[in-house]
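First the structure, in the form of structure tokens, and then the observations on it.
The values are calculated or read from the model by the stated rules, or taken from the named source; none is laboratory data. Here the structure is a predicted model, which means the values were calculated and not measured. Ideal geometry is used to build each Cβ from the backbone, glycine not excepted, and the neighbour counts take in all protein chains shown.
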Ligand SMILES: Nc1ncnc2c1ncn2[C@@H]1O[C@H](COP(=O)(O)OP(=O)(O)OP(=O)(O)O)[C@@H](O)[C@H]1O
Ligand SMILES: [Mg+2]
């Protein structure tokens, strides 16, 4: 469960979100809508623990994850998946190399197996050797 209480976020000295109350129950799906610049990505970044709120708090499964000026629970401990709006890719690497990079220090054969599995699951195995630079600048 995600619980935001009195959540405020200021970036560059400007209030981006203020007094946001949000509760998302386990298994519930929500859509956050708003004009460009409304703060949708900022909200996701706060939930993921990449940005600290300036006011209020975020609780995850009842545990205090963020408070004003504080990221109390590291992003890696939050069990939150996050697809970035812009592809966070290495432009000099192929699709396969980018996926392998994300698999970190796994033994090479295991990393290759998982990479292949992931590309197949996403139906992009045929793009494995494509360099990403041509589409990161779209
Ligand atoms: N690091 C930052 N420093 C200062 N201002 C920022 C920073 N990141 C975002 N902003 C500003 O915060 C506001 C909200 O940005 P955000 O990216 O959350 O909007 P969004 O709702 O996701 O927009 P879009 O629909 O275009 O993706 C914008 O005015 C943006 O310029
Ligand atoms: Mg956005």
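Miscellaneous remarks
- Residue under evaluation residue 79, criteria (1) closer than 30 Å to residue 130 by Cβ; (2) within 18 Å of the chain's Cα centre (by Cα); (3) at pLDDT below 95, criterion not met: (1)
- Out of 91, 109, one residue alone is assigned to a loop (DSSP other than H, G, I, E, B), more than 16 Å from ligand 1 (Cβ to nearest atom), over 15 Å from residue 4 (Cα atoms) and over 19 Å from the mean Cα position of the chain (by Cα). It is 91.
- Residue under evaluation residue 89, criteria (1) touching a residue at least 40 places away in the same chain (Cβ under 8 Å); (2) surrounded by fewer than 17 Cβ atoms within 10 Å (Cβ to Cβ), criterion not met: (2)
- Scan of region 36-69 for residues that are more than 10 Å from ligand 1 (Cβ to nearest atom), touching a residue at least 12 places away in the same chain (Cβ under 8 Å) and not in a loop (DSSP other than H, G, I, E, B), ordered by number: 47, 48, 55, 56, 57, 58, 59, 60, 65, 66, 67
- Checked against the criteria, residue 36 does not count as closer than 30 Å to residue 128 by Cα and loosely packed, with under 13 Cβ neighbours inside 10 Å.
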